[in-house]
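The values are calculated or read from the model by the stated rules, or taken from the named source; none is laboratory data. Just so it is clear, the model here is predicted, and its values are computed rather than measured. Because the Cβ atoms are built from the backbone with ideal geometry, glycine has one as well, and the counts that use them run over all protein chains shown.
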Amino acid sequence: MSVRRLSAGRLFSNTLVWGYAFLILGPMVWVLSNAFKFQIDILTGKIFAPFTWRNFEQLLFSRQSNFLANLLNSAIVATASTLIVIVIATMAAFTLARLKMPDWIRWSVLGWALLFHMLPTLTFVGSWYQMFAAVGLHGTYFALIATHVVFNLPMALFLMMTFVTALPEDLIQAARMDGCSNGAMFWRIVMPLVRGGLIATSALMFIFSWSDFAIALTLSSTDTMTAPVAIATYAQEYEIRYGEMAAGAAMSMIPALTLILVGQSFVVRGLLAGAVK
Amino acid sequence: MAEVQLNSISKSYGATTVIDDLDLTIESKEFVALVGPSGSGKSTLLRIIAGLEDISGGTIQLDGRDVTHIDPSDRDMAMVFQSYALYPHMSVAENMTFALRMRKAPEAEVQKRLDQALDILGLRGFEDRKPGQLSGGQRQRVAMGRAIVRQPSVFLFDEPLSNLDAKLRARTRLELRELHDRLGATSIFVTHDQIEAMTMADRIVLLDGGKIQQVGTPKDIYRSPANRFVAGFIGSPEINILTGPLTRDGDELKLNQINLPASKARLKQLEAAGSIGKDVELGIRPEHFEVLKSANDGSLALTVDAIEFTGQDVFVVGQAEGANITLRMDLRRDGKLAESLARGTVLHLAPTKDNWHIFDIDSGLCLTRG
């Protein structure tokens with residue numbers, strides 16, 4: 001009896017998981033396969049079509065395309081904003097979680113961060129455009145990096161808070177008895193012990209910044225255009241270049257996928273690093 | 001040389017008072033155990049001495065120097081935590097020398113002290129291991145080593161043995177006491193285990209509800225408890241308590257018909273306290289009964305419920321006068337009798353001379369304390 005009920009339950013959960021996987025993997029497979037097809041085969045909806053590298057060649061080496069530069073822009077913006085976010089978030093998390101301060105300061109910072117995180121990106125984009133345009137910073141790396149920092153900080157702060165609070169209080173007090181100043185405690189005790197969480201959070205922040213479209217569309221110029229915006233430009237007024245779009249999408253997936261694979265193993269390790277006994 | 005003096009220390013979280021106007025002086029080179037049930041404030045008190053907790057009032061002096069507002073690291077105290085709190089990312093050697101390096105001690109000195117500590121604790125050969133690669137007992141040693149290398153004037157121990165298994169705990173107890181004598185520092189030891197406190201400490205400070213109940217040597221506290229709480233907390237199995245009116249007939253003292261053999265001095269003491277004729281609580285430790293061959297006028301009839309064999313002693317648990325009574329029988333003396341016991345057997349007990357305590361029912365204070 002129980003065996004049969006169990007297998008029915010398993011069947012249901014398996015279906016659910018595979019269904020969800022299909023929802024995610026289906027479009028990915030479709031895009032990836034399109035990247036290696038001729039435009040005419042994509043338009044006629046052929047599933048099995050002749051293989052070609054043409055889309056990638058066009059994307060990377062044609063004179064009309066700047067895709068390599070766009071990838072580099074994405075890399076610059078994502079790397080810089082991630083570094084800044086992670087340093088601020090980790091220090092802030094340590095301060096909020098482990099140093100003495102009135103509760104109202106702690107809760108107002110966290111409350112503000114949560115509120116900011118809940119508002120949709122597009123709410124800010126318009127005013128950011130005006131602000132940066134007014135001071136002549138529109139289209140610069142600075143504008144993109146600064147906005148990505150502002151936008152990703154709340155999430156990074158919450159993630160790093162969980163990692164820092166997971167450190168046993170005894171460890172912090174032992175360090176205090178051993179003569180650590182707050183700075184020494186941060187660099188010598190907290191940082192090494194939250195390294196796993198740090199890497200996981202960095203990976204996530206990099207992916208957010210890398211895949212951002214709304215902010216980059218509004219604040220970048222031709223010179224600073226990031227990959228997602230560039231991919232969108234292949235949909236033009238008279239012609240949608242599906243092949244190149246698919247190839248661009250495929251290429252921009254690579255760093256994100258790599259980071260997810262690296263990051264997820266660290267999420268697990270990061271959670272275990274604080275164990276006392 | 002380090003005398004720790006606490007003057008009217010109090011600590012409260014909001015409206016909850018954890019420590020209430022506490023005075024205590026711990027002599028130089030003394031080994032003092034802070035004992036009490038959970039929530040008695042013993043750990044909080046240790047953390048206050050360490051400087052890890054702020055206080056709401058009072059002062060702390062170390063050798064006459066006021067350290068109340070001095071940073072934990074500048075108090076010349078080292079602490080061994082219950083969880084050991086070893087830095088998981090550092091090796092044994094790095095863990096032990098961290099405090100010295102934070103003070104920028106000369107490398108030769110660091111190495112010398114590390115070598116000494118490794119030898120004392122038998123950790124030689126483990127210097128390069130991470131805490132995660134050590135057994136529980138070894139981690140405990142590293143935690144001690146971390147304190148030893150600092151050569152502090154006061155050692156603070158927060159239940160350092162509670163994570164060890166029973167055998168290792170008994171051994172470490174001895175080693176720790178030996179180490180204390182050898183290092184000549186003042187040690188303050190928090191524990192909820194009365195055996196640890198009794199065996200290791202020069203003096204015991206018994207806390208309950210954030211107040212000191214009694215301060216004294218282990219013998220003192222065991223033999224003449226200040227109040228009902230102390231009598232009940234120290235001693236295992238627990239002291240037996242009977243309630244009833246105390247009556248006197250000439251030189252004979254009785255509680256509920258139970259004859260209490262008393263010296264003249266004790267009679268005088270009880271008379272002076274005005275407790276004759278009043279309801280009081282009588283406390284008798286399990287080993288302070290004599291087993292009689294037959295019932296006599298004034299003996300206590302114990303109906304046996306359970307017999308616990310522990311090797312040298314037998315604990316007999318039963319009912320008498322409507323209360324649970326435990327009797328400790330020494331097998332060397334009462335071996336034959338103990339063998340013959342069974343559930344339902346009735347034993348006749350008599351308290352021995354002056355080996356009992358009378359407590360005031362309202363205040364719980366001991367009225368027979370000499």
Inset, instruction - Inspect all residues belonging to the stretch A:116-129 and state whether any of them is polar (S, T, N, Q) and either touching a Cys at 6+ places or on another chain (Cβ under 7 Å) or at pLDDT 90 or above (or both). - result: yes
Inset, instruction - Search the stretch B:112-127 for residues being in a helix (DSSP H, G or I) and in contact with a helix residue (DSSP H, G or I) (Cβ under 6 Å, 6 or more places away or on another chain), and hand back the single one that is nearest to B:L176 (Cα to Cα). - result: B:L121
Inset, instruction - Select the strands (runs of 3 or more DSSP E) contained entirely in the stretch B:283-370, then report the ones holding at least 2 residues which are under 24 Å from the mean Cα position of the chain (by Cα). - result: B:313-320, B:323-330, B:357-360
Legend entry - Positions within the stretch B:59-111 being more than 11 Å from chain A (Cβ to nearest Cβ), in a helix (DSSP H, G or I) and either out of contact with any helix residue (DSSP H, G or I) (no Cβ under 8 Å at 6 or more places or on another chain) or among the β-branched types (V, I, T) (or both), in sequence order: B:V92, B:E107, B:A108, B:V110, B:Q111
Inset, instruction - From (1) outside any loop (DSSP other than H, G, I, E, B); (2) farther than 13 Å from B:F157 by Cα, pick out the condition that doesn't hold for B:A33. - result: (2)
Legend entry - Candidates A:S33, A:S13, filtered to the one that is over 28 Å from the mean Cα position of the chain (by Cα), at pLDDT 85 or above and either part of a helix (DSSP H, G or I) or acidic (D, E) (or both): A:S13
Inset, instruction - Evaluate the stretch B:13-26: report whether one residue or more is in contact (Cβ under 8 Å) with a residue 60 or more places away in the chain and under 30 Å from B:R182 (Cβ atoms). - result: yes
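Here is a yes/no grid of residues against (1) of a type in the set (A, V, I, L, M); (2) more than 24 Å from the chain's Cα centre (by Cα); (3) surrounded by 14 or more Cβ atoms within 10 Å (Cβ to Cβ):
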site: A:I86; (1), (2), (3): yes, no, yes
site: A:T95; (1), (2), (3): no, yes, yes
site: A:W104; (1), (2), (3): no, yes, no
site: A:G111; (1), (2), (3): no, no, no
site: A:H117; (1), (2), (3): no, no, yes
Inset, instruction - Quick one: count up the residues across the stretch A:174-185 that are within 7 Å of chain B (Cβ to nearest Cβ), aliphatic (A, V, I, L, M) and either crowded, with 20+ Cβ neighbours inside 10 Å or within 14 Å of B:L86 (Cα to Cα) (or both). - result: 2
Inset, instruction - Name, by its number, the condition in (1) closer than 27 Å to B:D115 by Cβ; (2) more than 9 Å from chain A (Cβ to nearest Cβ); (3) touching a residue at least 60 places away in the same chain (Cβ under 8 Å) that does not hold for B:I49. - result: (1)
Inset, instruction - May I ask you to list the residues in the stretch A:119-141 that are in a helix (DSSP H, G or I) and surrounded by 13 or more Cβ atoms within 10 Å (Cβ to Cβ)? - result: A:F124, A:V125, A:W128, A:Y129, A:M131, A:F132, A:A133, A:Y141
Inset, instruction - Read through the list (1) surrounded by 22 or more Cβ atoms within 10 Å (Cβ to Cβ); (2) under 17 Å from B:K353 (Cα atoms); (3) in contact with a His (Cβ under 8 Å, 6 or more places away or on another chain), then give the number of the only condition that B:L260 fails. - result: (3)
Inset, instruction - Look through the stretch A:186-214, keep the residues that are free of Cβ contacts under 8 Å to residues at least 40 places away in the same chain and either in a helix (DSSP H, G or I) or within 21 Å of A:Q264 (Cβ to Cβ) (or both), and return whichever of them is nearest to the other protein chains (Cβ to nearest Cβ). - result: A:P192
Legend entry - Pair list, Cβ under 6 Å, 6 or more apart: the stretch B:199-218 residue free of Cβ contacts under 8 Å to residues at least 60 places away in the same chain, other residue among the β-branched types (V, I, T) and part of a strand (DSSP E or B): B:P218/B:I204
Inset, instruction - State yes or no: is B:S28 within 14 Å of chain A (Cβ to nearest Cβ) and either part of a helix (DSSP H, G or I) or within 20 Å of B:S153 (Cβ to Cβ) (or both)? - result: no
Legend entry - Residue that is farthest from B:L114 (Cα to Cα) [pool: residues in the stretch B:141-182 that are within 11 Å of chain A (Cβ to nearest Cβ) and touching a residue at least 60 places away in the same chain (Cβ under 8 Å)]: B:N163
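Per-residue answers, yes or no, for (1) more than 30 Å from A:T52 (Cβ to Cβ); (2) at pLDDT below 90:
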| site | (1), (2) |
| --- | --- |
| A:R176 | yes, no |
| A:F186 | yes, no |
| A:I189 | yes, no |
| A:L204 | yes, yes |
| A:I215 | yes, no |
| A:A230 | no, yes |
Inset, instruction - Might you check whether a residue that is of a type in the set (K, R) and either buried (at least 17 other Cβ atoms within 10 Å of the Cβ) or farther than 23 Å from A:T82 by Cβ (or both) occurs anywhere in the stretch A:194-211? - result: no
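Yes or no, residue by residue, for (1) closer than 17 Å to B:F81 by Cα; (2) surrounded by fewer than 23 Cβ atoms within 10 Å (Cβ to Cβ):
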| residue | (1), (2) |
| --- | --- |
| B:R129 | no, yes |
| B:S135 | yes, yes |
| B:F155 | yes, no |
| B:L164 | yes, yes |
| B:R171 | no, yes |
Inset, instruction - Could you pull out the residue among B:R75, B:R103 that is surrounded by 20 or more Cβ atoms within 10 Å (Cβ to Cβ), charged (D, E, K, R) and in contact with a Gly (Cβ under 8 Å, 6 or more places away or on another chain)? - result: B:R75
Inset, instruction - Scan the stretch A:37-68 for residues that are in contact (Cβ under 8 Å) with a residue 40 or more places away in the chain and hydrophobic (A, V, I, L, M, F, W, C) and report the count. - result: 6
Inset, instruction - Please verify whether the stretch A:225-243 includes one or more residues that are assigned to a helix (DSSP H, G or I), free of Cβ contacts under 8 Å to residues at least 24 places away in the same chain and within 30 Å of B:A85 (Cα to Cα). - result: no
Legend entry - Residue check for A:P50: under 26 Å from the mean Cα position of the chain (by Cα) and either of a type in the set (S, T, N, Q) or more than 27 Å from A:F186 (Cα to Cα) (or both): no
Inset, instruction - Could you check how many residues of the stretch B:332-370 are loosely packed, with under 12 Cβ neighbours inside 10 Å and acidic (D, E)? - result: 2
